[in-house]
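In what follows, a structure is listed as structure tokens, so that the remarks can point back to it.
The values are calculated or read from the model by the stated rules, or taken from the named source; none is laboratory data. Treat the numbers as computed from the prediction; the structure is a model and nothing was measured. Quick reminder, even Gly has a Cβ in these numbers, built from the backbone with ideal geometry, and neighbours come from all protein chains shown. Remember, those area values only see protein heavy atoms, side chains included, never the ligands or the DNA or RNA. Shrake-Rupley method; radii C 1.70, N 1.55, O 1.52, S 1.80 Å.
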Amino acid sequence: MTTASEKAHALLDGVRKLDDEWARAIGGLGEPELRAPSALPGWSRAHVLAHLARNADGLKNLLTWADTGVETPMYPSAEARDADIEACAQHPAADLLADFVASAGRFEQYAAAMPDDAWAREARNRQGVPVTGTVVARMRLSELTIHLADLDRGYDLDRVLGLLGPLTDDVVQHAITSRGAHLPAVRLVADGFEWTMGAAPGATVAGTAGQLLAWLSGRSDGAELDGTVPRIPAWS
């Protein structure tokens, strides 16, 4: 049986791999490219980078909470989070890129020093739901995965998931879990993976893992999937 620590370290291998991929994707970006729209409505590429930078620091806070037992919220408030993202997105290109790299490094460094038994301890996410240190590592991997496609630099979700191999299972499962318990019963099948959504197995929806993740994360209406695709709550 895989321990919480072993799982966390596997997830962190994926985080490091995607951090390297992000460095390649954003290398050399200047002001025009950063101010251009991302694939997220209303957000520039600068907003995406600012969000990922503040996410790294916020998730480091949750690791600190799980590690030390001292309550360390991800963000002071929802309003402070949004204000920080907007402020950081306005920074000059060189400062924004440096901030992104530095914040990713802070998360990696803290995670690398976590004692094995801390990964099973809990913090609480932005919604107040208990999450273990291992789930925090999965949260970071999921953010890096989805938003690399949002950056609109030639990556779609299938390409990003292709870098992760078996960790694809964790990223898609996280998208399902993040939506909560009130989901239609559906069996999801893709690329040798299978997930169950809702309280019990239901009809099968199939596609690539990237297509399923795009639908689950609100990036697609699911029209490209095979099967009867149900409506699901909006992504938040």
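Some observations on this one:
- Surface composition of the chain: carbon and sulfur make up 54 percent of the accessible area, probe 1.4 Å.
- Equivalent ellipsoid semi-axes - Cα gyration tensor, the range 93-164, angstrom: 25, 17, 12
- Restricting the calculation to alpha carbons of the range 1-79 gives Rg and Dmax of 16.0, 50 angstrom.
- Computed over the Cα atoms of the chain, the ratio of the radius of gyration to the Kirkwood radius (Rg/Rh) comes to 0.96.
- Contact order normalised by residue count of the chain, Cα under 8 Å, 6+ apart, percent: 19
- Translational diffusion coefficient of the range 157-236 (Stokes-Einstein, Kirkwood radius from Cα pairs, 25 °C, 0.890 mPa s): 198 µm²/s.
- Distance in nm between pseudo-label sites at residue 101 and residue 20 (7 Å out along the Cβ direction from Cα): 1.6
- Among the trypsin sites (Lys or Arg not before Pro) within the range 161-236, those in coil by DSSP and having at most 10 neighbouring Cβ atoms inside 10 Å are 231.
- Coordinate range along principal axes, alpha carbons of the range 114-219, Å, largest first: 38, 37, 24
- Per residue accessible area of the chain, 1.4 Å probe, in Å²: 46
- For the range 58-190, the convex hull drawn through the C-alpha positions has a volume of 144 cubic angstrom per residue.
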